[in-house]
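Q: Provided herewith is a single structure, encoded as structure tokens, for subsequent inquiry.
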Ligand code: 4GY
């Protein structure tokens, strides 16, 4: 999978994508993540990417031209771009199900904005979808873009090693009929830490009892903390 990020701050991405699992995935050729500076597509001598809002008001609005030119330049290369995604609080709420759908695509462009927002024509005539990571407002779209890329990337086959598998976890299929459950409690050594003991069942070696206990814990925890997940059907 190939992901291009359009941003005013490409350096923000190097720490997040230049380490650990996503670094390894790029080195192995499973993933290609490139951050492009929108300002490289500015045309005037001040390299402007924003301008005053028509109709007046505070703040600046990100201009159409640098975004349209940047996307058109990226589209010169094959394979074809599957989605052009704008990160904005006004978008479709991001969740694991949307991540799974995007993880099947070959090529994505993510656009991160700043200032007061985007010229509306970027939404309506350039983006193919708008995504929000949640109901709060950040200073820019870079952190939301990182969250979307990180979530999608680990679903790409081969990106996680077998020790890091994502098939048995919260929002995976933890339950019996594809139930959407929170994780069951996990423990590691020692079995007694300052008098806090590991549940006996986990030390029993009885794999069927352990499996039932975990499923039970996952269901109870989901019922208490996230009852909304129990009524969700994927
Ligand atoms: N929440 N989900 C979000 C955001 C802030 C463009 C400047 C969010 O995705 N993006 O809070 N973005 C940006 C949006 C103008 C501020």
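Taken together, the values in this text are just the output of simple stated rules run on the coordinates, not laboratory data. Every value quoted in this text rests on a predicted model; they were computed, and no experiment measured them. Every residue, glycine as well, gets a Cβ built from its backbone with ideal geometry; the counts of neighbours run over all protein chains shown.
Q: May I ask you to derive the relative contact order of the chain, considering only C-alpha pairs under 8 Å and at least 6 residues apart, and to give it as an integer percent?
A: Averaging sequence separation for qualifying contacts and normalising by length gives 19 percent for the chain.
Q: May I ask what percent, to the nearest 5, of DSSP beta bridges between residues of segment 38-164 are antiparallel?
A: Just about 15 percent of them are antiparallel.
Q: To continue, here is another question. I'd like the antiparallel share, as a percent to the nearest 5, of DSSP beta bridges with both residues in the chain.
A: Beta bridges within the chain, antiparallel portion: roughly 15 percent.
Q: Follow-up question, since we're still on this one. Contour minus end-to-end for residue 47 and residue 188, with contour as 0.36 nm per residue of separation and end-to-end as the Cα-Cα distance?
A: 45.3 nm
Q: Same structure again: When the chain is fully extended, how far beyond the present Cα-Cα distance does residue 177 get from residue 228, taking 0.36 nm per residue of separation?
A: 16.7 nm
Q: Test of understanding: in a Gaussian network model of the chain with alpha carbons linked when under 10 Å, which of 91, 140, 59 would top the mean-square fluctuation ranking?
A: Top of the fluctuation ranking is 59.
Q: Once both labels are modelled 7 Å past Cα along the beta-carbon direction, what's the residue 96-residue 139 spacing in nm?
A: The modelled label-to-label distance comes out at 3.3 nm.
Q: Roughly how far apart, in whole Å, are the Cα centres of segment 101-127 and segment 1-70?
A: For segment 101-127 versus segment 1-70, the Cα centre distance is 11 Å.
Q: How high is the relative contact order of segment 15-96, given as a whole-number percent (alpha carbon pairs under 8 Å, six or more residues apart)?
A: After rounding, I find 17 percent.
Q: At 0.36 nm per residue, and after removing the present C-alpha to C-alpha distance, how many nm does the segment from residue 163 to residue 201 gain when stretched out fully?
A: 11.4 nm
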